[in-house]
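In what follows, a single structure is set out as structure tokens and then discussed.
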Amino acid sequence: MSHVIIGTAGHVDHGKTALIKALTGQDTDRLREEKERGISIELGFAPFILPSGRQAGVVDVPGHERFIHNMLAGIGGIDLVLLVVDVSEGVMPQTREHLEIMDLLQISSGIVVLAKTDLAEDEDWLDLVEEEVREALAGTFLAEAVCLRVSAQTGRGLAELVATIDKLTGETRSRDHRAPLRLPVDRVFTVAGFGTIVTGTLLSGTVRTGMSVEVLPVGRSVRVRQLQVHGKLLPEALAGQRVAVNLSGLEKEALPRGSVVALPGSLTAAYLLDVSMKLLPSAAKTVKNLTRVHVYLGTGRAVGRIALLDRDELQQGEEAPVQIRLERRLVAQRGDRLIIRSFSPMTTIGGGVVLAVGSAKHKRFKADVLARLKELEKGDPAEPLLQQIRRETMVAQSELVKKAGMAPDLLAENLARLVEEGKIIAAHGLWLDMAAVHGWEELIVEALESWHRDNHLLPGKSKAELKGALPKNVSQKVYDWLLANLTEEGCLKTSEDLVALAAHTPEPKEQEAVLIKGLAELYRQGGFMPPTLQEAAEKSGVPVEQLGSYLAYLISQGELVRLDSQLALHQQFFRQAKEALLCHFQTKETLAAGEFRLQLGSSRKFVLPLLETFDRLKWTRRQGDERVPWRLELAREEAERGE
């Protein structure tokens, strides 16, 4: 069952409330003052079951100019509008202003109701009124709307009106109950024994009893205790329904009109809104930079200033990208429509669509800002996703689900298109900006090129050090993924903890080769009593600052085996030590350092680092002051291969 919201619009005392009572049987004027004055002041609500069985909610708005803020709080969430015109008065100021507001909000469907026809002199008079109304509607969304002649007193035209409403609401696109929950609050009150209750039109998503929700802009998480739809307790309410929500643990004062009940983390209350703004042709004057205005968005309103981003003055009838800088936060999402009224006197001067929420203050006439907003103006649902991913470089799937305001299948469809276009890519539950990925890859390659120039004898740079070339927000998982991609593409090669360019081969220069050869011979001659670093530098003639890279080269070439930070052993003697170890454990179950020192003819200073090397290789395991065999088959296999 689809759910729709029908709203009224029109000048004060043109018969909107009487019409709703005739249609639904309910009087939407509930305040004593409304009864006494005979006009609507606050929003009124009524259920309406259509002949098709479709359930509609009706929002009756006040028509008086003084209560336009109440009208704006209710008109934004409707699917079908009934523009009511009293045939004895015709088109009046609030008829025109309401029409301009609805046009700016881009309400998709409507019916023109010529009301109080029982007061008309004759049908010719009604023809003249209809002609006047048609002239006022020219160029608006109601230009081709059905126009019906109705009397709430006599019942004239009511059946035709109901049938037309049923037909048009059947053609209305259903709101998405799978998208994140969003309920703008248009009324809040308390009931003894229950606490705080809010009402509103559920714009998207589903709300259920017991679920946790977030209330913005106060930023509090609360639980839904009960739900009512048109006075009936229900376990859940769907997008398109009028709903009353009983919230636990939240005082009435924390929930003024304009608050929003939402899926936690899915919406933002912001002081800054990027907007594509249209100034009405009927506006009294142009808008200059930082003009102070009243902004109406959903059920909320705030005072703000309009920062013109691409011009110094906005002329009547023009559209332009602006940034609205609010004095109090409003809850907004890309695609929301808003209304702008002049600061004083308060008249509707324009409106617009929200392009982005909560961004930093923009400098005027910035080409990159204007280009980004122009892309958002096109209305492509994938564009804000792309811009968010580009802005943050990497975004978790769970964050996009909450922030995008889309049903999961629509979100997946738009992300898939961006992947196909080569603009984003998925990795480890994150969506990455492809331009950023290419940039990170270039940083890795450039860092390695620089490293190889300065350390041409070393086989590669450590992975941990290389990660420092990337921005800090690049996680370890993404970094590993980048290395794996570059390796698969044949750009890099990795071994254990080292990374190098695929084309890099450590190659000593002629003079270096002579010194390296002498250094290797020095270690070979040292046997099981190898030199320390200081001794190696003194005896080989290798400069101290180059000794580390020379030794690293010999280790990478397999001529030396590093024991610790100060000692290395020539490969010939390391193989002998391995053979001695294997031979020892053929007849014995443990090995003491002293025993091994005597077997090798070495000293404790060199034997202890050698035994610790065996431990690191998992050939042995320390047990008290002795070693026991662990995975000796690894050493045995190496020995059989001659390694």
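The condition (being out of contact with any Leu (no Cβ under 9 Å at 6 or more places or on another chain) and of a type in the set (A, V, I, L, M)) is satisfied by just one residue among 386, 376, 370, 410: 410. Of the candidates 179, 152, the single residue that is in contact with a Lys or Arg (Cβ under 8 Å, 6 or more places away or on another chain), among the hydrophobic types (A, V, I, L, M, F, W, C) and in a loop (DSSP other than H, G, I, E, B) is 152. Residue check: residue 56 meets all listed conditions (1) at pLDDT below 85; (2) buried (at least 24 other Cβ atoms within 10 Å of the Cβ) but one, namely (1).
Determine whether residue 586 is modelled with pLDDT under 95, under 60 Å from the mean Cα position of the chain (by Cα) and either not β-branched (Val, Ile, Thr) or not assigned by TED's automatic domain parsing to the domain that holds residue 635 (or both). So residue 586 fails the test. When the criteria are applied in full, residue 553 meets the requirement of being of a type in the set (Ser, Thr, Tyr), assigned by TED's automatic domain parsing to the domain that holds residue 602 and under 54 Å from the mean Cα position of the chain (by Cα). Scan segment 145-155 and give yes if some residue there is in contact with a Leu (Cβ under 7 Å, 6 or more places away or on another chain), among the β-branched types (Val, Ile, Thr), touching a residue at least 60 places away in the same chain (Cβ under 8 Å) and not assigned by TED's automatic domain parsing to the domain that holds residue 253, otherwise no. Yes; the residues of segment 145-155 include at least one that is in contact with a Leu (Cβ under 7 Å, 6 or more places away or on another chain), among the β-branched types (Val, Ile, Thr), touching a residue at least 60 places away in the same chain (Cβ under 8 Å) and not assigned by TED's automatic domain parsing to the domain that holds residue 253. Selection of segment 264-284 for residues being modelled with pLDDT under 90 and of a type in the set (A, V, I, L, M) yields only 267.
Please determine, by comparing only the residues of segment 604-639 that are within 54 Å of the chain's Cα centre (by Cα) and not in a helix (DSSP H, G or I), which one is nearest to residue 563 (Cα to Cα). Filtering segment 604-639 for residues that are within 54 Å of the chain's Cα centre (by Cα) and not in a helix (DSSP H, G or I), the one nearest to residue 563 (Cα to Cα) comes out as 617.
The set of residues in segment 405-429 that are surrounded by fewer than 19 Cβ atoms within 10 Å (Cβ to Cβ), among the aliphatic types (A, V, I, L, M) and farther than 20 Å from residue 333 by Cα comprises 416, 419, 425, 426, 427. Among the residues making up segment 276-291, a single one is crowded, with 22+ Cβ neighbours inside 10 Å and closer than 29 Å to residue 205 by Cβ: 277.
Can you tell me which residue within segment 134-168, out of those that are farther than 24 Å from residue 24 by Cβ and of a type in the set (A, V, I, L, M, F, W, C), is nearest to the chain's Cα centre (by Cα)?
Top of the filtered list is 141.
Within segment 471-515, can you find the residues that are surrounded by 13 or more Cβ atoms within 10 Å (Cβ to Cβ) and in a helix (DSSP H, G or I)? Result: 478, 479, 480, 481, 482, 483, 484, 485, 486, 487, 512, 515. Going residue by residue through segment 98-111, is there one that turns out to be more than 27 Å from residue 240 (Cβ to Cβ) and assigned by TED's automatic domain parsing to the domain that holds residue 9? No.
The test for being crowded, with 22+ Cβ neighbours inside 10 Å, outside the structural domain of residue 44 (by TED's automatic domain parsing) and either farther than 26 Å from residue 47 by Cβ or under 27 Å from the mean Cα position of the chain (by Cα) (or both) holds for residue 273.
Being surrounded by fewer than 18 Cβ atoms within 10 Å (Cβ to Cβ), closer than 30 Å to residue 601 by Cβ and in contact with a helix residue (DSSP H, G or I) (Cβ under 7 Å, 6 or more places away or on another chain) is the requirement here; does residue 548 meet it? The answer is no for residue 548. Is it the case that segment 157-171 has a residue that's under 19 Å from residue 107 (Cα atoms), of a type in the set (Lys, Arg) and part of a loop (DSSP other than H, G, I, E, B)? No - not one qualifying residue is present in segment 157-171. In contact with a helix residue (DSSP H, G or I) (Cβ under 6 Å, 6 or more places away or on another chain), surrounded by fewer than 14 Cβ atoms within 10 Å (Cβ to Cβ) and in a loop (DSSP other than H, G, I, E, B), is that true of residue 190? Taking the combined requirement at face value, the residue does not satisfy it.
Residues in segment 517-548 that are more than 19 Å from residue 453 (Cα to Cα) and outside any loop (DSSP other than H, G, I, E, B): 19 in all.
This table checks each residue for (1) modelled with pLDDT of 95 or more; (2) farther than 14 Å from residue 91 by Cα; (3) touching a helix residue (DSSP H, G or I) at 6+ places or on another chain (Cβ under 9 Å); (4) charged (D, E, K, R).
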{"site": "105", "(1), (2), (3), (4)": "no, yes, yes, no"}
{"site": "126", "(1), (2), (3), (4)": "no, no, yes, no"}
{"site": "130", "(1), (2), (3), (4)": "no, no, no, yes"}
{"site": "137", "(1), (2), (3), (4)": "no, no, yes, no"}
{"site": "150", "(1), (2), (3), (4)": "no, yes, yes, no"}
{"site": "153", "(1), (2), (3), (4)": "no, yes, yes, no"}
{"site": "165", "(1), (2), (3), (4)": "no, yes, yes, no"}
{"site": "169", "(1), (2), (3), (4)": "no, yes, no, no"}
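Scan segment 258-272 and tell me whether some residue there is aliphatic (A, V, I, L, M), part of a strand (DSSP E or B) and without any contact (Cβ under 8 Å) to a residue 40 or more places away in the chain. No, because not a single residue in segment 258-272 is aliphatic (A, V, I, L, M), part of a strand (DSSP E or B) and without any contact (Cβ under 8 Å) to a residue 40 or more places away in the chain. The listed residues are 202, 247, and the only one of them that is buried (at least 19 other Cβ atoms within 10 Å of the Cβ), farther than 14 Å from residue 181 by Cα and in contact with a Gly (Cβ under 9 Å, 6 or more places away or on another chain) turns out to be 247.
A single entry from 118, 103 fulfils the requirement of being over 22 Å from residue 284 (Cα atoms) and either in contact with a Gly (Cβ under 7 Å, 6 or more places away or on another chain) or not basic (Lys, Arg) (or both): 118. Taking each residue of segment 389-410 that is in the same structural domain as residue 424 (by TED's automatic domain parsing) and at positive phi and looking for partners that are in a helix (DSSP H, G or I) and surrounded by 14 or more Cβ atoms within 10 Å (Cβ to Cβ) with beta-carbon atoms closer than 7 Å, six or more apart or interchain, yields 393/436.
Tell me yes or no: at least one residue of segment 240-258 is at pLDDT 90 or above and farther than 26 Å from residue 49 by Cα. Within segment 240-258, one or more residues are at pLDDT 90 or above and farther than 26 Å from residue 49 by Cα.
Within the set 564, 480, the sole residue that is closer than 29 Å to residue 392 by Cα and either in contact with a Lys or Arg (Cβ under 6 Å, 6 or more places away or on another chain) or not hydroxyl-bearing (Ser, Thr, Tyr) (or both) turns out to be 480.
The values are calculated or read from the model by the stated rules, or taken from the named source; none is laboratory data. For clarity, every value in this text was computed on a predicted model and none was experimentally measured. Cβ atoms come from the backbone with ideal geometry, glycine included; neighbour counts cover every protein chain shown.
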